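What follows is a short report on a single structure.
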Amino acid sequence: MMKLRRIAADGTATVFDIEAMDLGPQHGITFRVDADVEDGDEVTDTLPNGKLKTMRLRDVHVLQSPFGTSQLDHTGAKYDVISAKAPLVRATAEPAVEKLRILMLGASPEGDLRITREQARIRKAVEAALHRDLIEFDVRLSATAADLQEGIAKFRPHVVHFAGHGADKLIQLERDLDEQHEGVVVTERALAAACAATDEPPKLVVLNACNSVATAQALVDHFAPLAIGMRGSVADLDAMVFATSFYSSVANGHSVQAAFSAGKAGVDLQGGDHEAPYLAVADGIEPKSVKLVAMPMQ
């Protein structure tokens, strides 16, 4: 079976299957006697090697059997080969997998927290994970309010991670100063407004700061599907261990719920306060079903 293509006077193309036999350039091509073929039609045959051979018909005529039986009558035509090439195979590239973007903000205006150490440990853990190539960071140490807004607008993070000081429904960012100083108080309302001021707000906000449960819950109430905060005062080591274990689990393809459990387990293994981390969840969200690293389709 071959494909016949006919172009009408108005430019309209018609394509249909047709029974035919190619006898070569010298003898032409034959069809059934009642075949609907005309000069100028294009017939395409698939050769045994997979290539396509397209022929333009000419000298279409009916051949009668020399044996006097109409059953052997057929239609014949000469042809010109207009193409002989491998079939077109369009590239069906996998849709690009969007990397997980994590905006990491650190603020210690009085210089009393090991912000740099925490962020270094997180990145080292991710670099050792299975899906390290699917995660990218925008790290902003000594983060100011301008860093927060620019990071949200430009980087469009899926996750915002804050390490610093917190209190009931507020966190503390830095001023643009070189010396130690009193930080800028940011309320939960202002933080929520800044994070949500984008077409694609973050899916998760992690507040690795003391007394940040109320702020995490407020962020979920305002816009965030998920947020993590800390109950009461949190030791530097506990904060680092939780964050390192959490992001390692995320980068190894686990759900937010599993990663949260891994973070708590990491703190417990170090003898810390594993009950401090708190996961706030918006209505209708199931943390077990949320995986932040999207794997390519197999």
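The values are calculated or read from the model by the stated rules, or taken from the named source; none is laboratory data. Quantities reported herein were computed from a predicted structural model and do not represent experimental measurements. Virtual Cβ from ideal backbone geometry, glycine too; neighbours counted across all protein chains shown. When the accessible area is computed, the model is the full protein with side chains, heavy atoms only, and any ligands, DNA or RNA have been set aside. Shrake-Rupley method; radii C 1.70, N 1.55, O 1.52, S 1.80 Å.
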- request: Only residues that are in a helix (DSSP H, G or I) and touching a strand residue (DSSP E or B) at 6+ places or on another chain (Cβ under 9 Å): list them for the stretch 217-238, please.
  value: GLN217, ALA218, LEU219, VAL220, ASP221, ASP238
- prompt: Does the stretch 1-26 hold any residues that are open to solvent by 60 Å² or more (accessible area, probe 1.4 Å) and either acidic (Asp, Glu) or in contact (Cβ under 8 Å) with a residue 24 or more places away in the chain (or both), and which are they?
  reply: LYS3, ARG5, ILE7, ASP10, ASP17, GLU19, PRO25
message: Restricting to the stretch 231-280, give me the number of residues that are under 30 Å from the mean Cα position of the chain (by Cα) and not small (Gly, Ala, Ser).
response: 16
statement: Scanning the stretch 219-232 residue by residue, those surrounded by 20 or more Cβ atoms within 10 Å (Cβ to Cβ) and touching an Asp or Glu at 6+ places or on another chain (Cβ under 8 Å) turn out to be LEU219
message: Looking at the stretch 267-285, I want the residues that are under 15 Å from GLN257 (Cβ atoms) and have a partner that is among the charged types (D, E, K, R) and in a helix (DSSP H, G or I) with Cβ atoms under 9 Å, at least 6 apart or on another chain. Which pairs are those?
response: PRO277/ASP238; PRO277/LYS264; ALA280/ASP221; ALA282/ASP221
- prompt: Could you count how many residues in the stretch 250-291 are among the acidic types (Asp, Glu), assigned to a helix (DSSP H, G or I) and farther than 18 Å from ALA239 by Cα?
  reply: 0
field: Breaking point among (1) in contact (Cβ under 8 Å) with a residue 24 or more places away in the chain; (2) buried (at least 16 other Cβ atoms within 10 Å of the Cβ); (3) not basic (Lys, Arg), for SER289
entry: (2)
- prompt: Of all the residues that make up the stretch 145-195, how many are acidic (Asp, Glu) and touching a Gly at 6+ places or on another chain (Cβ under 8 Å)?
  reply: 1
query: Among (1) without any contact (Cβ under 8 Å) to a residue 40 or more places away in the chain; (2) in contact with a Lys or Arg (Cβ under 6 Å, 6 or more places away or on another chain); (3) open to solvent by 20 Å² or more (accessible area, probe 1.4 Å), where does LYS264 come up short?
result: (2)
statement: Going through the stretch 233-244 in order, the residues found to be open to solvent by less than 30 Å² (accessible area, probe 1.4 Å) and small (Gly, Ala, Ser) are ALA239, ALA243
